[in-house]
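The values are calculated or read from the model by the stated rules, or taken from the named source; none is laboratory data. Bear in mind that the values here come from a model prediction, so they are computed numbers and not experimental data. No Cβ is skipped: glycine too gets one built from the backbone with ideal geometry, and neighbour counts run over all protein chains shown. Just the protein is used for accessible areas: all its heavy atoms, side chains included, with ligands, DNA and RNA removed. Shrake-Rupley method; radii C 1.70, N 1.55, O 1.52, S 1.80 Å.
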Amino acid sequence: MAAATLNYLDGSIPSSLRRNGKLRLRRNLDGSDSGFEGVVLDKRRVELIDGREAGCTLARHGFELRDRPLADPDFDFLSTAPVIHAYYEDCTALVREATGAGRAFAFDHNVRSAAGKASQDRIEGGQEVQGPARIVHGDYTLTSAPDRLRQLASPPGANDTYRPLLGADETLIPEADAERAIAEGRYAFINVWRNIDDAPVESDPLVLCAADSVTPPDLAVFELHYSDRIGENYFSKWAPRHAWFTFPGLERDEALLIKQWDSAGPLARSGGATGDAEEPGAPSTFSFHTAYFDPETMAGARPRWSIEVRCVALY
């Protein structure tokens, strides 16, 4: 069985479900980060299950691989305008198909490459290329998920990626619909992740933790301080029950759906009182994920180039 060494949060860090100012970084408008503050890492060797053979699903595991060939094999992912005006639509259609949600909206994206980050490459009309995220994390929390949905129901700021989709006074999501979803409906943040290189992924592969192997004591809030807002992630402490999956050699014609937050999941519904591991069969709340780099097995490997488009589904 394959294995990987992952960067977890050290067990000495107190668990937390709500913001406490202990763990954070600062992010500028280009998407560049300051150093971590308060973070102590714990490197753990974990076994990896082949997700292609396991039949992973969004509903149970929090991630799912789909065959999704591009209509244009030569599509330019390093230019912001075509991604927003064409590829976003393909991503929202895929999210609707996979979830059964009535509506889906794409609102942001990142291109990631360690080589592109090192050479300070820039997306045409957008921010700098980002490096792979090499720490176990989930993209939203009990606080930041509803906060982000409300932000998407407000007029866009000058630096919001989705601004070209809207008129001057438009919002991406009607405010009443967002509030209804938060109060009594269901919403889910889902990323559409794709290899954008011509060759299969060799370095910095993505690995994902099954949602139903996670409990609330594993979590600690990590704050992202932007110029105009504070976002939150959950970092994870190691637990022997965590089940990790990989999809070897991801191709350009495949799309990996990663659930970042589902308001119908046990952890979300209970306000953190119950984890997904404690309600088998319930919809997953989110999947921890990370890239990893093994200098011995990946020496000389082709650099990874990938894109993730952030979407939200309303049911």
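Odds and ends about this structure:
- Amide H contacts under 5 Å for ILE190, placed H, 5+ residues apart: GLN260, CYS311, VAL312, ALA313
- 16 Å tail of the calculated P(r), the stretch 100-170, as % of Cα pairs: 64
- Rg and Dmax of the stretch 128-211, both derived from C-alpha coordinates alone, stand at 16.5, 45 Å.
- Here the Gaussian network model covers the chain, with springs between Cα atoms less than 10 Å apart; of CYS56, CYS209, CYS91, CYS56 fluctuates the most.
- Taking amide H positions as modeled 1.01 Å from N, with prolines and chain starts lacking one, the residues under 5 Å from ASP108 and 5 or more places away or on another chain are ARG310.
- Stretchable slack from ALA158 to ASP177, in nm (0.36 nm times residue separation minus alpha-carbon distance): 4.5 nm
- Kirkwood estimate for the stretch 25-92, i.e. one over the average of 1/r between Cα atoms, Å: 16.7
- Result for the chain in a Gaussian network model with C-alpha springs under 10 Å: among VAL129, VAL39, VAL95, the largest mean-square fluctuation is at VAL39.
- Taking all protein chains together and rolling a 1.4 Å probe, GLU232 ends up with roughly 10 Å² accessible.
- Value of Rg to Rh for the stretch 1-140 (Rh from inverse mean 1/r over Cα pairs, i.e. Kirkwood): 0.98
- Take SER213: with every protein chain present and a 1.4 Å probe, its accessible area is about 10 Å².
- GNM flexibility winner over the chain from SER12, SER284, SER203 (Cα, springs under 10 Å): SER12
- Computed on protein heavy atoms with a 1.4 Å probe, the accessible areas place ILE230, ILE135 in the order ILE230, ILE135, largest first.
- Inter-site label distance for THR57 and SER270 at 7 Å from Cα along Cβ, in nm: 2.1
- Protection proxy ranking, highest mean first, for peptides 180-192, 250-262: 250-262, 180-192, where packing is the per-residue count of other beta-carbon atoms within 10 Å, averaged.
- Per-peptide packing, taken as the mean over residues of other Cβ atoms within 10 Å, places 264-277, 151-164 in the sequence 264-277, 151-164 from highest down.
- The slack in the chain from LEU224 to ALA2, taken as 0.36 nm per residue of separation less the alpha-carbon distance, amounts to 76.7 nm.
- Per-residue Karplus couplings for the stretch 8-15, computed as 6.51 cos²θ - 1.76 cosθ + 1.60 with θ equal to phi - 60°, are listed in order as 8, 7, 5, x, 6, 6, x, 5 Hz, Gly and Pro entered as x.
- Viscosity 0.692 mPa s, temperature 37 °C, Stokes-Einstein D of the stretch 217-315 from Kirkwood C-alpha radius, µm²/s: 198
- Rounded to the nearest whole angstrom, the semi-axes of the ellipsoid equivalent to the chain, taken from the Cα gyration tensor as √(5λ), stand at 26, 24, 20, largest first.
- Of GLU89, GLU308, the order by accessible heavy-atom surface (1.4 Å probe, DNA, RNA and ligands excluded), from most exposed downward, is GLU89, GLU308.
- Extension gain, ASP74 back to GLU97 (0.36 nm per residue minus Cα-Cα distance, nm): 5.9 nm
- Between ASP42 and TYR8, LEU9, ASP10, the built amide H atoms are under 5 Å apart, and every one of these is 5 or more places off in sequence or on another chain.
- With contributions of -39500 (n - 2.57) from each DSSP H run of at least four residues, the per-residue ellipticity at 222 nm computed over the chain stands at -3500 deg cm²/dmol.
- Tally of Lys pairs whose C-alpha atoms are under 25 Å apart, taken over the chain, 8 or more apart or cross-chain: 6
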